[in-house]
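Please read the structure below before turning to the comments.
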Amino acid sequence: MKVLVLGAGIVGVTSAYQLAKAGHEVTVIDRQKGPALETSFANAGEVSFGYCSPWAAPGIPLKAMKWLFMEHAPLILRPKVDAAMLCWLAKMLSNCTSERYAINKSRMLRLADYSRSSLAALRDETGIEYDQRMQGTLQLFRTQAQLDASGKDVKALAADGVPYEILDRDGCVRAEPALAHVRDKIAGGLLTPKDETGDCFKFTNALAKKAEQRGVRFYWGTKVNRLDVEAGRVRGVMTNWERLAADAVVVALGSYSPLLLKRYDIKLPVYPVKGYSLTIPITDPSRAPESTIMDESYKIAITRLGDRIRVGGMAEISGYTNDLAQARRRTLEHSVMDLFPGGDVSEALFWSGLRPMTPDGTPVIGPTRIAGLFLNTGHGTLGWTMSSGSACVIADLLSGRRPEIDAIDLAISRYA
C-alpha cells in the first residue's frame, strides 16, 4: 500500500522503516528540516525496558500537592483555562489507583519487553551506532521510605519476568563507581540490568538514512493541514504545499496528534507534558555515570552518552509552551551536581521538549474508526524505549497481520 507517516521523530521514523520493510511504499511528512528535531532531539537517553511505570500511581495526588511547594519539584503545574488540560488531569487522577496502576504498568512492560527484542533485531540488521550502552538503569533511592515504596514496582517486574536486583548502598556503588563520592546520600537502589542507553537523535537520523535506502521518501518543511477523508476512509492528506494521496495514514505527531484529529471527532486523550534536559561535556570520567541513574527524589535521569552526560526529567503541565524556564535548569543542575560533584555545567546545552502523555501512561497504537487511519502516539516519557516495538505492531496491524504481542488494549478503543 501507499502509506503516509505523519511525523519524523523516533516513533515516526521507526514506523516508516518497519512499514517499508513490510513492503509498503512509504512517505514521511514533517514540518522540521530533518529527523528528530522536536521531542526526540535531546531526551534523557534512557532505553528503559524495566524502569517503565505510569506517572499515574497510588499516592501521586498527595505527592503532587507537596511537590507544588518544593524548590526542585519533579512536577510543575501551570493551570490555565484549558478544557483539554482539565479533562486530561481528571482522567489521570482516575488512574491513580492500585488496580489501574497494575493494569497500566503491565501493558507498558509488555510493549517495552517486545521493544527490547525489536530494537536488538533492528540494531543487528542495520549496524546503527548511537552511543549505545547495555549496562542497565539504577533507580536511586535517597531515603528508606523511597526504597520501601519500590515494592509495588518490584512486584510488577517479577510478575512480568523482568530481571531486577535490589541493592544496598554498597551495591549501588559497585554498579556505579562514581557514586562512591556521595555514598552517604544513598539508601539503596533498584537495578534493571537489561536496560540500555543511547542518543535518540543519532539513532533516529541513522535509521532515517536506512529507511531512505529502502525507498522511504521524506518531505521536510511540510505541514499537514488536514486529512483527506471520503466516505469514512482516509484518502490522503492536505499539506501546505499539495494534496498527497495514500491508502493508509499513520499519525505519529506526538503531542500535536490530537490537534489534527479533533476535527474528525477522534478524541485522543494525549496532552503535552514538558520535560527538560541538560547535555554536559564530561571533563572527569571517574565522576561520570557508566549508564543511567534515575534520581527518584527529583525524577531526573542522569545518563552517559559517549563523551557527554545527559540530565533529563521533570514534568511541567503548561500546555503547548516550549519556553526554557531557568528554575528548571537549576533543578537539573542540582540533581547532577549533588550526585556527581566536581563537574562543569557552565557549558551545558539546555533544552525542552513536549512529551505526548496519555492519562494511563500507555501509548495509543492501532486503527481508528476511520478506515485506513492508524495511530502511533502518546508514548510520554518512553517514546525512545517503546519505539521499536510500537513500529513493529503498527506495521503488522496495517499489513493485516496479527502482531507478535497482544495489542488490542493499546488501541484508542480502550477509551470508549
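Summary table
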{"read-out": "MRE, 222 nm, helices only [DSSP H, n ≥ 4, -39500 (n - 2.57), over the chain, to nearest 500]", "value": "-10000 deg cm²/dmol"}
{"read-out": "Charge-dipole axis of the stretch 39-141 as Lys and Arg at +1 and Asp and Glu at -1 on Cβ define it, positive-most pick from F41, A120, V81", "value": "V81"}
{"read-out": "Antiparallel content of DSSP bridges confined to the chain, in %, to 5", "value": "70"}
{"read-out": "5 angstrom amide H check on G50, placed H, neighbours 5+ away", "value": "D195"}
{"read-out": "Area accessible to solvent at T39, 1.4 Å probe radius, in Å²", "value": "50"}
{"read-out": "Residues with amide H under 5 Å from that of L77, placed H, sequence gap 5 or more", "value": "I317"}
{"read-out": "Heavy-atom accessible area per residue - the stretch 331-416, 1.4 Å, Å²", "value": "33"}
{"read-out": "Förster-model FRET efficiency, 51 Å R0, S346 and D148, C-beta, rounded to 0.05", "value": "0.85"}
{"read-out": "The stretch 1-62: trypsin sites (Lys or Arg not before Pro) in DSSP loop, at most 14 other beta carbons within 10 Å", "value": "K33"}
{"read-out": "Sites matching chymotrypsin sites (Phe, Trp or Tyr not before Pro) across the stretch 187-264 that sit in DSSP coil, with at most 14 neighbouring C-beta atoms within 10 Å", "value": "W220, W241"}
{"read-out": "Among (i) -0.34, -0.76; (ii) -0.22, -0.63; (iii) -0.25, -0.71, the entry derived from the coordinates for log10 I(q)/I(0) by the Debye sum over Cα atoms at q = 0.06, 0.10 Å⁻¹", "value": "(ii)"}
{"read-out": "Mean-position separation - Cα centroids, the stretch 377-394 and the stretch 1-65, in angstrom", "value": "5"}
{"read-out": "In the stretch 282-365, GluC sites (Glu not before Pro) in a DSSP loop with at most 15 other beta-carbon atoms within 10 Å", "value": "E347"}
{"read-out": "Electrostatic dipole magnitude of the stretch 265-340 [Cβ: Lys, Arg +1; Asp, Glu -1; Cα centre; debye, to 20]", "value": "120"}
{"read-out": "Carbon and sulfur %, accessible surface of the chain computed with the full protein complex present, 1.4 Å", "value": "53"}
{"read-out": "Whole-Hz ³J(HN,Hα) from phi, Karplus 6.51 cos²θ - 1.76 cosθ + 1.60, for the stretch 246-253, glycine and proline x", "value": "7, 8, 8, 10, 10, 8, 10, 9"}
{"read-out": "Surface per residue (accessible, 1.4 Å probe) for the stretch 117-257, Å²", "value": "47"}
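The values are calculated or read from the model by the stated rules, or taken from the named source; none is laboratory data. Please read these numbers as outputs of a predicted model, since none were measured by experiment. Cβ sites come from the backbone with ideal geometry, for glycine too, and all protein chains shown count toward neighbours. Side chains are part of the model used for accessible areas, which takes the heavy atoms of the whole protein and leaves out ligands, DNA and RNA. Shrake-Rupley method; radii C 1.70, N 1.55, O 1.52, S 1.80 Å.
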